[in-house]
Amino acid sequence: MDFRRTSLATLARMVRTREVAAREVVAHALHRIDELDPRVRAFVAVDADRALEQAAAIDQIAASGGDPGPLAGVPLAVKDNEDAAGYRTTHGSALFADDPPAVHDSAHVARLRAAGAVVVGKTNLPELAWTAHTANATFGATHNPWHLDRSVGGSSGGSAAAVAAGMVPLATGSDGGGSIRIPSACCGLSGMKPSLGRVPSDGADGAGWLFLSSKGPIARRMEDVVTALDAVVGPEPSDLRSLPRPDVSWREALHDPRVPVRVAWSPTLGYAEVDREVLAVCERALGALEELGAEIIEVPTVFDSDPVGDWLTIVGVCTLRTVEPRWDAPARERMDPLLAAIVESARSVTAVELVRIVDECYRMNQRLVDLFRDTRLLVTPTTAGVAPPIELGGAGVVNGVQTPNWVRFTYPFNMTRSPAASVCAGLTPSGVPVGLQLVGPQHADVAVLRAAAALEAALDVDTVAPIGSAES
């Protein structure tokens, strides 16, 4: 059994028809975790007994003639900034590492579990999900299944690594600045940041990062991403931003994969230098889009300047709100020093400045409105450089030069709340995956998903990481 070569739909069908038992599937996931995770370090917690008990319940439903759901028996890993009943939610931070286990699932996890998925554990992330390097003082760094000395990106890096290594076929992620798209690109996966509100957040408190962050599944292929999305999209009364359920199944929409007639290509967005190897792989992928019938329109400038300062201000203010009640705790000494500095600087941000940034997000979206009058899709590199060596501590490399911001293509589309996907465009000569980002108009998730699925099929890149191979 290889989770990377079997679709979620096929796996669940085999469980529903009792061709294979859910306990057998989950036991295989637990075996792969035991075998591979000491090298990858994707997981921060695993509960085998609880997972096998849940799998047995799935088997009982199937044996009695019931329908255990479209994700029946699918092993699921949960990013450790999201609640899963029975597990601590540490946020990758010593400030939360000793919190009691969650009593309830998040709405996202609850919907996946209701569809038949079986939670096997929690996955690593950078502290409070703030950066694109999955490492923290509590659990250490997660290693890339393609090259163990490289980063997996972030912040959903543990989830992406677990899927890429074949430990589980499905994991949860969240994306407030690229946190699904970046690790998907680094690990050779297809990833999707849905429109804000498609996958609801819940709980008594407000959204962690205002309007920046969207939840979503992480899987290897776009078909699997959409299979999981079908189980979780739809309104949630406690989420003021949640959207109505789509009229049709998104998975059914993929039966007609296609690309728009006119596609905008922006290799820099107007402000970003791109590594030559990344650009070469992305340009080859553009050729596949053309062969699918798309006319490529190069757009040198989408935004006048890099909005990273405004993005960091929102993140800093929201993180200050989150950690301030614990700021004087002894565990504060173990906090990421750069994150601590960003939080401290957020104390001087005024309400007027924050509103100005919100206004700028609206202006950025208006630039996309203008762009999408003549095109239906915007394509860019997902990252400016490939997954960097872990030893750089979060810095990346672009054209041989170290830079702290090698991920400058993703966060603008959190600020505009746009649907955006990443597809593996190919590998560099040294065998490192490269992602191509596809961005759509407001709420045009289906258009993005269709184009991503069509491109993925046309490129047909072998995205099975070496660490998870049978001989590894």
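Within the range 108-165, can you find the residues that are charged (D, E, K, R) and buried (at least 24 other Cβ atoms within 10 Å of the Cβ)?
Those that are charged (D, E, K, R) and buried (at least 24 other Cβ atoms within 10 Å of the Cβ): K122, E127.
What number of residues within the range 286-316 satisfy the criterion of being among the charged types (D, E, K, R), surrounded by 14 or more Cβ atoms within 10 Å (Cβ to Cβ) and either in a loop (DSSP other than H, G, I, E, B) or at pLDDT below 95 (or both)?
Adding up the residues that qualify gives 1.
List pairs: first residue in the range 52-69 and at positive phi, second residue part of a helix (DSSP H, G or I) and of a type outside the set (D, E, K, R) anywhere in the structure, Cβ distance under 7 angstrom, at least six positions apart or on different chains.
Listed by first residue and then by second, the contacts come to G69/A114.
Could you please find all residues in the range 338-361 being surrounded by 12 or more Cβ atoms within 10 Å (Cβ to Cβ) and of a type outside the set (A, V, I, L, M, F, W, C)?
E344, S345, E353, R356, E360
In the set I180, I218, which member is closer than 20 Å to R251 by Cβ, out of contact with any Leu (no Cβ under 7 Å at 6 or more places or on another chain), surrounded by 24 or more Cβ atoms within 10 Å (Cβ to Cβ) and modelled with pLDDT of 95 or more?
Within the list I180, I218, the selection yields I180.
Take A453 and decide whether it is under 29 Å from P246 (Cβ atoms) and either outside any loop (DSSP other than H, G, I, E, B) or modelled with pLDDT of 95 or more (or both).
yes
Among A425, A421, which is farther than 27 Å from T313 by Cβ, in a strand (DSSP E or B), of a type in the set (G, A, S) and in contact with a Gly (Cβ under 8 Å, 6 or more places away or on another chain)?
A425
Looking at the range 440-450 only, could you name the residues that are part of a loop (DSSP other than H, G, I, E, B), within 15 Å of V263 (Cα to Cα) and in contact with a helix residue (DSSP H, G or I) (Cβ under 8 Å, 6 or more places away or on another chain)?
Correct list: G440, P441.
Name the residues in the range 30-41 that are surrounded by 14 or more Cβ atoms within 10 Å (Cβ to Cβ) and either at pLDDT below 95 or in contact with a Leu (Cβ under 9 Å, 6 or more places away or on another chain) (or both), would you?
Hits for the range 30-41 are L30, V40.
Could you identify the single residue in P70, P101 that is farther than 18 Å from S159 by Cβ and either out of contact with any helix residue (DSSP H, G or I) (no Cβ under 7 Å at 6 or more places or on another chain) or hydroxyl-bearing (S, T, Y) (or both)?
P101
Which one of the conditions (1) on the phi < 0 side of the Ramachandran plot; (2) touching a residue at least 60 places away in the same chain (Cβ under 8 Å); (3) outside any helix (DSSP H, G or I); (4) touching a Gly at 6+ places or on another chain (Cβ under 9 Å) does V349 fail to meet, given that it meets all the rest?
(2)
Within the range 388-423, track down each residue that is within 18 Å of V308 (Cβ to Cβ) and of a type in the set (S, T, Y).
T403, T410, Y411, T416, S418
What is the residue count in the range 43-84 for residues that are closer than 18 Å to S174 by Cα, of a type in the set (G, A, S) and assigned to a loop (DSSP other than H, G, I, E, B)?
1
Just need a number here: residues in the range 108-129 that are of a type outside the set (D, E, K, R) and either at pLDDT below 95 or within 27 Å of L338 (Cα to Cα) (or both).
Number of matching residues: 6.
Of all residues in the range 406-436, how many are in contact with a helix residue (DSSP H, G or I) (Cβ under 6 Å, 6 or more places away or on another chain) and either closer than 19 Å to F211 by Cα or surrounded by fewer than 24 Cβ atoms within 10 Å (Cβ to Cβ) (or both)?
9
Looking at (1) modelled with pLDDT of 95 or more; (2) out of contact with any strand residue (DSSP E or B) (no Cβ under 9 Å at 6 or more places or on another chain); (3) within 30 Å of Q402 (Cβ to Cβ); (4) in a helix (DSSP H, G or I), which one does L354 not meet, given that it meets all the others?
(3) is the only condition that L354 fails.
Filter the range 254-279 down to the residues that are within 23 Å of the chain's Cα centre (by Cα), within 20 Å of F372 (Cβ to Cβ) and either acidic (D, E) or outside any loop (DSSP other than H, G, I, E, B) (or both) and list them by number.
W265
The values are calculated or read from the model by the stated rules, or taken from the named source; none is laboratory data. Just so it is clear, the structure is predicted and the values come from calculations on it, not from any experiment. A quick note on method: Cβ atoms are made from the backbone with ideal geometry, for glycine too, and the neighbour counts reach across all protein chains shown.
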